[in-house]
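The values are calculated or read from the model by the stated rules, or taken from the named source; none is laboratory data. Because the structure is a prediction, the values reported are computed rather than measured. Cβ placement follows ideal geometry from the backbone for every residue including glycine, while neighbour counts extend to all protein chains displayed.
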Amino acid sequence: MRKLLYFIVTHCRKLILICLSICFKSQALLETYTQFESYPNLEMIPSRKLKNPPITEALINFQVVPSSDFDVKQFSPLIDQLKDEFPQFQEYRKYEEVFGVDEGKPISNFAETGMEGFIFKSENNTHVAQFMLGGFTYNRLKPYLSWENICEKAQGLWEIYTEIASPEQINRIAVRYINHLVFPSSVFDLEQYLTEPPKIPKPLPHLLHNFLNRIVIHDDQKDLWANITQASDSLEPNTAKIILDIDVYQDRVFEIDDPEIWSVFEHLHEMKNQIFFSSLTKKGMSLFE
């Protein structure tokens, strides 16, 4: 059924493009049609659990509108409350650089603007909880366990956050995964592993030293956004280390006790998976299975 639906949708789109290109004599539309013809077997790649996932950090983030009378020092009791799981902590303070002119010479000074919150870390630094004035973040660092584990941890800590901070509302939620991909290949062979590797125009020298590519996409049906970043970590003669950073989010107002929040997080995670599994070729994916 899935393949039948794909066939119908694909061929309807082809027919529409052909008709429009004839009516408007549009070369761009004809080129779009050619692109469809070039990838006749394109399908959504199903997500699955990997034996050796390349995830170095995964996080869940809430951005909130803080209560007008809240003071971040009210998070101080958490130092004792969370010490068994998070024995390390530090205050997070915000600074700004102030520029000026003194006797005709430019000067700059750093000034503290206040404390923004607390960062709590586990003994082995594998998980981090950030209690901030503007929101809450739970980070899970390598080794990655599972999405279910992250949700369970984040949900419990989020309840603690809301009990203390009593924010007025949520205005953004996000799921972010940072992957470090190591390929036994030179940069010239990245197309074997990445579905959309960096490309250099043919007339130019093809000795690539580093690259950075960032795109923003929008799922208008679920109103989800994603920032997708590919960057070179290091490019060596026989090894290419690539960072794939996937940040999926929804900018929307939620009430603090809205039961739909965690369902939206599931959608964010599903979109993250589609992006990841669509970014690697079968050969690239085989390195982590």
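Taking first residues from the range 116-127 that are within 15 Å of residue 82 (Cβ to Cβ) and aromatic (Phe, Trp, Tyr) and partners that are part of a loop (DSSP other than H, G, I, E, B) and at pLDDT 95 or above, the Cβ contacts under 6 Å between residues at least 6 apart in sequence or on separate chains come to 120/82; 120/86. Among the residues of the range 62-85, is any more than 29 Å from residue 161 (Cβ to Cβ), modelled with pLDDT of 90 or more and in the same structural domain as residue 268 (by TED's automatic domain parsing)? Within the range 62-85, none of the residues are more than 29 Å from residue 161 (Cβ to Cβ), modelled with pLDDT of 90 or more and in the same structural domain as residue 268 (by TED's automatic domain parsing). Take the conditions (1) surrounded by 17 or more Cβ atoms within 10 Å (Cβ to Cβ); (2) at positive phi; residue 223 misses just one of them, which is (1). For the range 164-209, the candidate set comprises residues that are under 26 Å from residue 141 (Cα atoms) and of a type in the set (D, E, K, R); within that set, the residue that is farthest from the chain's Cα centre (by Cα) is 172.
With respect to the conditions (1) farther than 17 Å from residue 179 by Cα; (2) at pLDDT below 95, residue 287 falls short on a single one, namely (1).
Could you tell me whether any residue of the range 143-150 is touching a strand residue (DSSP E or B) at 6+ places or on another chain (Cβ under 8 Å), assigned to a strand (DSSP E or B), touching a residue at least 12 places away in the same chain (Cβ under 8 Å) and not polar (S, T, N, Q)? No, there is no match, as no residue in the range 143-150 is touching a strand residue (DSSP E or B) at 6+ places or on another chain (Cβ under 8 Å), assigned to a strand (DSSP E or B), touching a residue at least 12 places away in the same chain (Cβ under 8 Å) and not polar (S, T, N, Q).
Say we look at the range 151-181 and pick out the residues that are polar (S, T, N, Q) and part of a helix (DSSP H, G or I); which of these is surrounded by the fewest Cβ atoms within 10 Å (Cβ to Cβ)? If we take residues in the range 151-181 being polar (S, T, N, Q) and part of a helix (DSSP H, G or I), then 155 is surrounded by the fewest Cβ atoms within 10 Å (Cβ to Cβ).
Within the set 129, 174, 154, the sole residue that is within 21 Å of residue 71 (Cβ to Cβ) and not aromatic (Phe, Trp, Tyr) turns out to be 129. For residue 217, the conditions (1) crowded, with 17+ Cβ neighbours inside 10 Å; (2) part of a strand (DSSP E or B) are fulfilled apart from (1).
Considering only residues in the range 236-277 that are aromatic (Phe, Trp, Tyr) and either exposed (fewer than 14 other Cβ atoms within 10 Å of the Cβ) or part of a helix (DSSP H, G or I) (or both), the one that is farthest from the chain's Cα centre (by Cα) turns out to be 262.
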